[in-house]
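The next block holds one structure in the form of structure tokens; read it before the comments.
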Amino acid sequence: MKVVIIENDEKRLNKFIDWAIHMIGYAIVLIAVSLLFKNTLIIDAELFGFWGLIAAIIIYVLNQTLKPILVFLTLPITAVTLGLFYPFINVFILNMVDFLMRDKFIIDGLFNSFFVAILISLMNIFMRELVIKPLLEKRR
């Protein structure tokens, strides 16, 4: 299986590798927050973390499909607030996951959603810088 795909002189990771890296990152962030802050984020512990994995998959799918649309629609608000509105898109996605999963994934309050969204954004930055870019450089 190829790790790197080259399209139009642009290097990217294979979709499955990219998906797997993000699933691991999202799962680590969600589990860490649910363990460190017990009343902030509650993930049902049945089936050995199955619900945490389902939450990570839903977050990834919403980030790949709905987030670009939300970013485009909220571009004027984000521009007026000089980018301060952008994290609230992640908060909206987390609250959608909370709504979709009902009692299996619960985020208590807007501030806590914002905190988890910031951690997920930081995880995305670290994954890109520490994992994805070295993989792309290695295949050069």
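Among the residues making up segment 115-140, a single one is polar (S, T, N, Q) and more than 15 Å from W19 (Cα to Cα): S121.
Residues in segment 97-108: is at least one buried (at least 18 other Cβ atoms within 10 Å of the Cβ), within 23 Å of D18 (Cα to Cα) and touching a helix residue (DSSP H, G or I) at 6+ places or on another chain (Cβ under 8 Å)? So far as segment 97-108 goes, yes, one or more of its residues are buried (at least 18 other Cβ atoms within 10 Å of the Cβ), within 23 Å of D18 (Cα to Cα) and touching a helix residue (DSSP H, G or I) at 6+ places or on another chain (Cβ under 8 Å). Kindly establish whether I89 is assigned to a helix (DSSP H, G or I), touching a Leu at 6+ places or on another chain (Cβ under 7 Å), of a type in the set (A, V, I, L, M) and modelled with pLDDT of 90 or more. So I89 passes the test.
Residue-by-condition table, conditions (1) in a helix (DSSP H, G or I); (2) under 21 Å from L35 (Cα atoms); (3) without any contact (Cβ under 8 Å) to a residue 12 or more places away in the chain; (4) among the aromatic types (F, W, Y):
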| position | (1), (2), (3), (4) |
| --- | --- |
| A56 | yes, yes, no, no |
| A79 | yes, no, yes, no |
| F85 | no, no, yes, yes |
| F111 | yes, yes, yes, yes |
| S121 | yes, yes, no, no |
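Restricting attention to segment 13-23, the residues that are part of a helix (DSSP H, G or I) and loosely packed, with under 15 Cβ neighbours inside 10 Å add up to 3.
The values are calculated or read from the model by the stated rules, or taken from the named source; none is laboratory data. Model, not experiment: these values are computed from the prediction. Quick reminder, even Gly has a Cβ in these numbers, built from the backbone with ideal geometry, and neighbours come from all protein chains shown.
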